[in-house]
1. Going by average Cβ density within 10 Å per residue, which order do the peptides 226-233, 179-186, 88-95, 238-245 take, highest to lowest?
2. How far is the Cα center of the stretch 17-67 from the Cα center of the stretch 76-150, in Å?
3. Take 193, 69 and order them by how many other Cβ atoms sit within 10 Å, fewest up front.
4. Could you work out how much longer the chain between residue 197 and residue 178 gets when fully extended? Use 0.36 nm per residue separation minus the Cα distance between them, nm to one decimal.
5. Can you classify the stretch 61-155 as rounded, prolate or oblate using the Cα gyration tensor, where a ≥ b ≥ c are the square roots of its eigenvalues, rounded means a/c under 1.5, and otherwise it's prolate if a/b beats b/c and oblate if not?
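Coordinate-derived values only; no laboratory data. Since the model is a prediction, treat every value here as computed from it, not as a measurement. Positions of Cβ are backbone-derived with ideal geometry, glycine not excepted, and every protein chain shown enters the neighbour counts.
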């Protein structure tokens, strides 16, 4: 094994969410933006990943709202179902922690599921989850090139209408800078907690703004196909993740 297990499991999750998203999403005729947002939210870190990808692909407010709702729906289901399955299968706290970190979408739900199962599983679950969160960087860059390719195709293959500088996710640079600053211990401890609380507040403001600009009639017009896609991705990631863990992959 050439890579740490959390990294390997994260890469597995990216593939498990990405490939079915295109196959099943295409079969269900889920709108492209909804498909991409649900896939990224399922693969990485729920609403944060959706919020990161949305401006890159030019998603509309109602598409963002619907996708976040789909991902959060299965977060809630995971908090209830995963501990029950974990106990029924006789999983150890370490194994359950890896599974929760791999298969549950956002950090708060990962912690809730791990605590509901066994507090001893929480450190492992958070380690795997944080490894997934770091993958938001390459994912955002990948979607930047996807958006660039779509823009060029819409412009007839020419350079008109396309600007990599415009679609490039500049927040990624801030993410890397703050991660490096924290990792090397240069950030004062008091600053870290203040920044975390400030970040939560800004995310809440951003999501509130999206809600205020969301037309529920447009969401209802989209139908239940994105929910079916979310259910499929959630099941595939959970089943494949547990299988690979049990096989000691």
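1. Working: 226-233: 21.5, 179-186: 10.6, 88-95: 14.1, 238-245: 18.2.
The densest-packed peptide leads the list: 226-233, 238-245, 88-95, 179-186.
2. If we compute the Cα centre of each part, the gap is 18 Å.
3. On the way: 193 10, 69 15.
Neighbour counts put them in this order, fewest first: 193, 69.
4. On the way: separation 19, 0.36 × 19 = 6.84 nm, distance 1.47 nm.
Result for the pair: 5.4 nm of gain on full extension.
5. Details: a/c = 3.45, a/b = 2.10, b/c = 1.64.
Because a/c hits 1.5 or more and a/b exceeds b/c, the stretch 61-155 counts as prolate.
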